[in-house]
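Colleague: Below is one structure. I have some questions about it.
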Amino acid sequence: MTRSIGLSCWVALALGCVNEDLRFYEVELSGTITTADPALDGQGEVHLELHHERVGLGEFEHPFGLIESWTLATGEREFTGTGLVPTDNGAVGLVVYAWLDLDGDGVLCSVDGDRSEPAGFVVLDGYPAHSLEFVLTLSEPCKGPEGL
């Protein structure tokens, strides 16, 4: 399993020009990822992302703010991990989004790739609990988080 932190967090750390203290909330996640089509079980890597349900203030509020992402090895469908959730800038709620990379190109439904790669998301209703469990079914072909 590989892991990456959200781009906004890296930019803030790299620039070193943050004038405020950053506040993070640690969340332990565990879950199972399934596919609506049993024929896809055991195929491809799963790309898993932790997002805020909504982020931003006022007219700048928008759905889905990426926090962290992980890649599960081909056939791996159980996930456990820790996310450091930023708690500033009007961030509300948590969502887990994932998609299945059927053609191994690392891109969801690329122009030349498999156009049936299933995706899905689940709202983590228990947040702000520190330990959250989820079951996520990948059932929507070629849908990014904003399309779901």
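The values are calculated or read from the model by the stated rules, or taken from the named source; none is laboratory data. Remember, it's a predicted structure, so these values are computed and weren't measured experimentally. Here the Cβ positions follow ideal geometry from the backbone for every residue, glycine too, while neighbour counts run over all protein chains shown.
Colleague: Does residue 94 qualify as being under 16 Å from residue 32 (Cα atoms) and at pLDDT 95 or above? First the steps, then the outcome.
Modeller: On the way: under 16 Å from residue 32 (Cα atoms): no; at pLDDT 95 or above: yes.
No, not satisfied.
Colleague: Now for a separate question. Somewhere in the range 45-60, is a residue assigned to a loop (DSSP other than H, G, I, E, B) and out of contact with any strand residue (DSSP E or B) (no Cβ under 9 Å at 6 or more places or on another chain)? Walk me through how you get there before you give the answer.
Modeller: First pass over the range 45-60, keeping only residues assigned to a loop (DSSP other than H, G, I, E, B): 56-57.
Restricting the remaining residues to those that are out of contact with any strand residue (DSSP E or B) (no Cβ under 9 Å at 6 or more places or on another chain) gives 57.
Yes, the range 45-60 contains a residue that is assigned to a loop (DSSP other than H, G, I, E, B) and out of contact with any strand residue (DSSP E or B) (no Cβ under 9 Å at 6 or more places or on another chain).
Residue by residue, here is whether (1) surrounded by 18 or more Cβ atoms within 10 Å (Cβ to Cβ); (2) among the aromatic types (Phe, Trp, Tyr); (3) over 13 Å from the mean Cα position of the chain (by Cα); (4) farther than 20 Å from residue 133 by Cβ holds:
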site: 31; (1), (2), (3), (4): yes, no, no, no
site: 39; (1), (2), (3), (4): no, no, yes, yes
site: 44; (1), (2), (3), (4): yes, no, yes, yes
site: 65; (1), (2), (3), (4): yes, no, no, yes
site: 72; (1), (2), (3), (4): yes, no, no, no
site: 79; (1), (2), (3), (4): yes, yes, no, no
site: 82; (1), (2), (3), (4): no, no, no, no
site: 87; (1), (2), (3), (4): no, no, yes, yes
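Colleague: Would you mind stating whether residue 26 is exposed (fewer than 12 other Cβ atoms within 10 Å of the Cβ), charged (D, E, K, R), touching a residue at least 60 places away in the same chain (Cβ under 8 Å) and in contact with a strand residue (DSSP E or B) (Cβ under 8 Å, 6 or more places away or on another chain)?
Modeller: Numbers: exposed (fewer than 12 other Cβ atoms within 10 Å of the Cβ): yes; charged (D, E, K, R): yes; touching a residue at least 60 places away in the same chain (Cβ under 8 Å): yes; in contact with a strand residue (DSSP E or B) (Cβ under 8 Å, 6 or more places away or on another chain): yes.
Taking the combined requirement at face value, the residue satisfies it.
For every residue, the table says whether it meets (1) among the aromatic types (Phe, Trp, Tyr); (2) within 14 Å of the chain's Cα centre (by Cα).
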| position | (1), (2) |
| --- | --- |
| 94 | no, yes |
| 110 | no, no |
| 116 | no, no |
| 121 | yes, yes |
| 126 | no, no |
